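J.: Mind having a look at this structure? Questions to follow.
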Amino acid sequence: MNDGGRDFYNRVIDKALALGLTPWVTMVHWDLPQALEVAHGGWRSRATAQAFGVYAETLVKAFGDRVKHWITLNEIPCFTGEGSTWWHQRGGKTASLKTCRFRRPRTGTAR
């Protein structure tokens, strides 16, 4: 995390608290750094998961005095299942539909 990003989110968190709002922080919402995609193949690599651990620890150290609610990955079913089948959400990486176990139920149908 760079200084500018940390300073920005410190201001956002402080303002939320000043307004009486409880901050909830989402650590990742589809925005994996390109360097991790290039160097390790993105989320398909354990190295990316290890880098995420360092990132999460950094966030908690920087903001944990004021933030008590953390969301690691937003929209997990989309991120893990649908994301690997939708080209536009995976930077051109796709998986076979045969390997994707997640399926969104049709509206109004029972599962």
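J.: Take the conditions assigned to a helix (DSSP H, G or I) and either exposed (fewer than 11 other Cβ atoms within 10 Å of the Cβ) or touching a residue at least 24 places away in the same chain (Cβ under 8 Å) (or both) and apply them to residue 54. Does it pass?
T.: yes
J.: Pick from the range 26-41 the residues that are of a type in the set (A, V, I, L, M) and surrounded by 11 or more Cβ atoms within 10 Å (Cβ to Cβ): which of them is modelled with the lowest pLDDT?
T.: Here the residue is 32.
J.: I need the full set of residues from the range 37-47 which are part of a helix (DSSP H, G or I) and farther than 14 Å from residue 72 by Cα, in order please.
T.: Listed by number, the residues that qualify are 37, 38, 39, 40, 42, 44, 46, 47.
J.: Continuing with this model, one more query. Is the range 60-77 home to any residue that is modelled with pLDDT of 50 or more, part of a loop (DSSP other than H, G, I, E, B) and over 30 Å from residue 6 (Cβ atoms)?
T.: Taking every residue of the range 60-77 in turn, none turns out to be modelled with pLDDT of 50 or more, part of a loop (DSSP other than H, G, I, E, B) and over 30 Å from residue 6 (Cβ atoms).
J.: Go through the range 1-58 and report how many residues are among the aromatic types (Phe, Trp, Tyr) and touching a Pro at 6+ places or on another chain (Cβ under 6 Å).
T.: Final tally of qualifying residues: 0.
J.: Also, I was wondering about something else. Applying the selection to the range 5-25, what residues are surrounded by fewer than 12 Cβ atoms within 10 Å (Cβ to Cβ) and within 21 Å of residue 52 (Cβ to Cβ)?
T.: 5, 8, 24
J.: Another question, if that's okay. Hey, residue 26 hits all of (1) out of contact with any helix residue (DSSP H, G or I) (no Cβ under 9 Å at 6 or more places or on another chain); (2) closer than 14 Å to residue 13 by Cβ; (3) not in a strand (DSSP E or B) but one; which does it fall short on?
T.: (3)
The values are calculated or read from the model by the stated rules, or taken from the named source; none is laboratory data. These numbers were taken from a predicted model, which means no experiment stands behind them. Virtual Cβ from ideal backbone geometry, glycine too; neighbours counted across all protein chains shown.
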